[in-house]
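*Asks:* My structure is below; once you've seen it, I'll send some questions.
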């Protein structure tokens with residue numbers, strides 16, 4: 001789990017990139033919100049933004065004020081400018097993870113911030129002494145293959161909905177997204 005300070009730094013960066021791309025962030029969905037650092041940051045610093053936070057844990061919902069929702073079985077009726085799904089899908093089996101990605105796509109108007117530890121991360125990056133290891137470990141290629149059905153990867157955990165009108169410079173987008 002990341003600290004509040006780290007998440008706030010990340011939220012500022014993602015929000016700043018949205019401003020750079022002239023993407024107004026009027027609505028945010030935080031999936032698997034846990035302690036709700038993203039939602040807290042948006043509610044504190046951007047009071048006019050509609051923020052919805054959801055979690056599958058009844059305890060987290062009661063303690064932090066989220067809606068009780070399972071992203072593998074639920075998608076909202078409206079789309080959000082920014083959807084955050086950080087360290088969630090590793091707890092789902094393949095079929096549920098695929099359904100969750102489809103629901104994330106249905107929920108995302110423009111931009112998805114997506115983070116999940118992959119097999120490589122577990123070998124090389126993650127501090128195993130402070131990380132929950134009771135997860136489904138998948139290759140990054142598995143997530144990329146599933147996400148690319150509905151999103152374009154632009155790097156740093158950011159994915160643009162294929163239906164979005166965001167205009168990117170060629171080198172802002174991941175190489176595989178360039179048209180040849």
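*Asks:* Got a sec? How would 18, 85 order by Cβ neighbour count within 10 Å, fewest to most?
*Replies:* Details: 18 18, 85 25.
Exposure proxy ranking, most exposed first: 18, 85.
*Asks:* Now a separate question. Looking at the range 1-98, I'd like the Rg to Rh ratio, where Rg is from alpha-carbon atoms and Rh is Kirkwood's inverse mean 1/r. Can you show the working numbers first?
*Replies:* Working: Rg = 13.4 Å, Rh = 14.0 Å.
Rounded to two decimals, Rg over Rh is 0.96.
*Asks:* Let me have the relative contact order for the range 4-151, percent, based on Cα pairs under 8 Å that are six or more residues apart. Walk me through the numbers before you get to the answer.
*Replies:* Numbers: 216 pairs, mean separation 28.2, N = 148.
That works out to 19 percent.
*Asks:* When a footprinting reagent is the concern and you count Cβ atoms within 10 Å, what order do 51, 83, 35 take, fewest first? Don't skip to the answer; put the middle values down first.
*Replies:* On the way: 51 20, 83 28, 35 16.
In order of increasing Cβ crowding within 10 Å: 35, 51, 83.
*Asks:* Classify the chain as rounded, prolate or oblate, taking a ≥ b ≥ c as the square roots of the eigenvalues of its Cα gyration tensor: rounded when a/c is under 1.5, otherwise prolate if a/b is larger than b/c and oblate if not.
*Replies:* Numbers: a/c = 1.37, a/b = 1.07, b/c = 1.29.
In terms of gyration-tensor shape, rounded.
*Asks:* Hey, fewest Cβ within 10 Å first, where do 30, 172 land in order?
*Replies:* Numbers: 30 28, 172 16.
The fewest-first ordering by Cβ neighbours comes to 172, 30.
*Asks:* Follow-up question, since we're still on this one. Calculated from DSSP H runs of 4 or more alone, at -39500 (n - 2.57) each and per residue, what is the 222 nm mean residue ellipticity of the chain, nearest 500? The partial results should precede the final answer.
*Replies:* Working: 6 runs with 61 residues, N = 180.
Result for the chain, helices only: -10000 deg cm²/dmol.
*Asks:* Quick check on the chain: of the DSSP beta bridges with both residues there, what percent are antiparallel, nearest 5%? It would help to have the intermediate numbers written out before the result.
*Replies:* Values: 7 of 24 bridges.
The answer is about 30 percent antiparallel.
Throughout, read-outs are computed from the coordinates displayed, never taken from laboratory work. What you see is a predicted model, and the numbers here were worked out from it, not measured in a lab. In this analysis, Cβ positions are derived from the backbone assuming ideal geometry, glycine residues included, and neighbour counts consider all displayed protein chains.
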